[in-house]
Amino acid sequence: MAPDPALELKRAAARAAVAHVRSGMVVGLGTGSTAALAVEEIGRRQREEGLAIVGIPTSERTARQAEGLGISLVELATHPRIDLTIDGADAVNRGRLDLIKGLGGALLREKIVAAASEAMVVIVDQSKLAVPFGASCPVPVAVVRFGWQATARRLGELGTEPVLRLDGADAPYVTDGGNLILDCRFGGIADPGALGTAIKQITGVVESGLFIDLATEVIVASPGGIEILRRD
Ligand code: A5P
């Protein structure tokens, strides 16, 4: 089969991210198709270069992939300080490096792992840099099941029409942590930090997919090559 150029670019970005990984590190393992390429590359380096790390997965899906590759997994309880997390994103705010994450449903564990990390390297393709920030995708919000309709109404007061995420069988999508997800479109987001705070203040909200001040580097796979973005 002919190689897919877009996939090869993402693979190159994943390799650039995994180049930051050194033996002895505790590494946060992200979720999504792009993060999976980084996990694959860590597996390759373990096999071919003797890289020795332990990983903390951000989802059950990633845990299964990592285990299949022979990557040792540990828990935050025993390894509360993560050296580096490598993850994907659904949208990136160039300059500030704010992110929207959670279209893959793992935003809560992803944010807990990112917040415990010394550095967070994010891998995306160019489409994730669409402007204005937030116009291209909803902000996923994890909410507790109890009274989710009331939580959705309160979120609506922030100027969005929350949509309950469904799984393939038209039942509510349930996260690894047992929560529901409301996808909230805000259009362009002028002040992501203020919006993230406002969402978080609503009772019933567990976490929002707005990641503020967490990414330290974004590696963009674009047709022109790999572009590295750092915070202004
Ligand atoms: C998972 O919950 C998300 O935050 C992913 O990081 C995000 O959806 C990016 O996924 P892709 O790399 O598959 O686009």
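Condition check ((1) more than 16 Å from the ligand (Cβ to nearest atom); (2) within 19 Å of the chain's Cα centre (by Cα)) across all residues:
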{"residue": "L29", "(1), (2)": "no, yes"}
{"residue": "G32", "(1), (2)": "no, yes"}
{"residue": "L37", "(1), (2)": "no, yes"}
{"residue": "R47", "(1), (2)": "yes, no"}
{"residue": "L51", "(1), (2)": "yes, no"}
{"residue": "T62", "(1), (2)": "no, yes"}
{"residue": "G68", "(1), (2)": "yes, no"}
{"residue": "L73", "(1), (2)": "yes, yes"}
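Residue check: is I199 out of contact with any Asp or Glu (no Cβ under 7 Å at 6 or more places or on another chain) and assigned to a strand (DSSP E or B)?
Taking the combined requirement at face value, the residue does not satisfy it.
Condition first: modelled with pLDDT of 95 or more, over 30 Å from E8 (Cα atoms) and of a type in the set (K, R). Can you find one or more residues in the stretch 155-177 that meet it?
Yes, because at least one residue in the stretch 155-177 is modelled with pLDDT of 95 or more, over 30 Å from E8 (Cα atoms) and of a type in the set (K, R).
Suppose we filter G204, G187 for residues that are more than 18 Å from the chain's Cα centre (by Cα), over 26 Å from L37 (Cα atoms) and touching a residue at least 60 places away in the same chain (Cβ under 8 Å); which single one remains?
G204
Is it fair to say S208 is within 16 Å of the ligand (Cβ to nearest atom), buried (at least 22 other Cβ atoms within 10 Å of the Cβ) and not acidic (D, E)?
For S208, the condition - within 16 Å of the ligand (Cβ to nearest atom), buried (at least 22 other Cβ atoms within 10 Å of the Cβ) and not acidic (D, E) - is met.
Hey, does the stretch 42-60 have a residue that's hydroxyl-bearing (S, T, Y) and open to solvent by 10 Å² or more (accessible area, probe 1.4 Å)?
Checking the stretch 42-60: not a single residue is hydroxyl-bearing (S, T, Y) and open to solvent by 10 Å² or more (accessible area, probe 1.4 Å).
Tally up the residues in the stretch 117-142 that are more than 19 Å from G193 (Cα to Cα) and open to solvent by less than 60 Å² (accessible area, probe 1.4 Å), please.
Within the stretch 117-142, residues that are more than 19 Å from G193 (Cα to Cα) and open to solvent by less than 60 Å² (accessible area, probe 1.4 Å) number 6.
Looking only at the stretch 162-183, decide whether some residue is open to solvent by 60 Å² or more (accessible area, probe 1.4 Å) and closer than 19 Å to D98 by Cα.
Within the stretch 162-183 (the criterion being open to solvent by 60 Å² or more (accessible area, probe 1.4 Å) and closer than 19 Å to D98 by Cα), the answer is no, since none of the residues qualifies.
With the requirement that a residue be over 22 Å from V18 (Cβ atoms), in contact with an Asp or Glu (Cβ under 6 Å, 6 or more places away or on another chain) and surrounded by 14 or more Cβ atoms within 10 Å (Cβ to Cβ), what does the stretch 70-102 give you?
Answer for the stretch 70-102, where residues must be over 22 Å from V18 (Cβ atoms), in contact with an Asp or Glu (Cβ under 6 Å, 6 or more places away or on another chain) and surrounded by 14 or more Cβ atoms within 10 Å (Cβ to Cβ): just I100.
Could you name every one of the strands (runs of 3 or more DSSP E) located completely within the stretch 84-162 that has at least 2 residues being more than 18 Å from C184 (Cβ to Cβ)?
117-125
The values are calculated or read from the model by the stated rules, or taken from the named source; none is laboratory data. Small disclaimer: the values here were computed from a predicted structure and weren't measured. Ideal geometry is used to build each Cβ from the backbone, glycine not excepted, and the neighbour counts take in all protein chains shown. Heavy atoms of the whole protein, side chains included, go into the accessibility calculation; ligands, DNA and RNA do not. Shrake-Rupley method; radii C 1.70, N 1.55, O 1.52, S 1.80 Å.
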